[in-house]
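Structure first, then comments.
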Amino acid sequence: MNISILLGVSCPFAGLCNSDYGRGILTGVLALLIIVLLFGIIKKIIKKGSLADSKELDTSKAKIAELAKFLSDEKEKALKSFEDGALYTLVLLQREGRFVDFIKEDIKNYEDAQIGAAVRQIHSGCAKIVNENFKLKALYDTKKEGEKITVSENFNAEEIRLSGNVPPNGPYKGILRHKGWTSQGVNLPKKIGKSNSLVVCPAEVEIE
């Protein structure tokens, strides 16, 4: 459901209303609106001491129920969109680099030289997909792995993971073991037509 239609007004933030990221932001705002509406209704009932405005109350309750259903639907859509995007990434990696074939292959009996030759081709195809569709950037792009660095006490735990003998308080002095990666954008190609989203790679049958 379109947010503008639900609220009965034109959306002043067209860019937000028409994008998954924007709808996520507006969904959070609507959740807050529900809380405010509930508080207003309770306050009005206490103040008037009766249900004289029962019609207005019923209308408000219906609007809250409609908003709650909308939020639930948007949550399901966001989850489905995330799952589809993750699986589609696997489809692309398989298509260009035969990534799934390599991961599912039992390589215990192969020589290192044989594996090395296969990895070169897989690396090339998978690198193409990652570079074209994900704007990756190193979290520590000015430091080299193995260098000594200092991490402030109020560091972002999503961006930095401490290991080793971690003291109770910072700043934390240590050695950069991995520079980390962050995505500054995702640009997956649009899927055309209807398809079974669970199929990563179709089976191939050669007709003689």
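Laboratory data are not the source of any read-out in this text; all were calculated from the coordinates shown. These figures come from a predicted structure and were not determined experimentally. Here the Cβ is made from the backbone with ideal geometry for all residues, glycine too, and neighbour counts use every protein chain on show.
Put a dot 7 Å past the Cα of residue 166, heading toward its Cβ, do the same for residue 111, and the two dots end up 4.5 nm apart. In this structure, the amide hydrogen of residue 151, modeled 1.01 Å from its nitrogen in the peptide plane, lies closer than 5 angstrom to those of 172, 173, 174, counting only residues at least 5 positions away or on a different chain.
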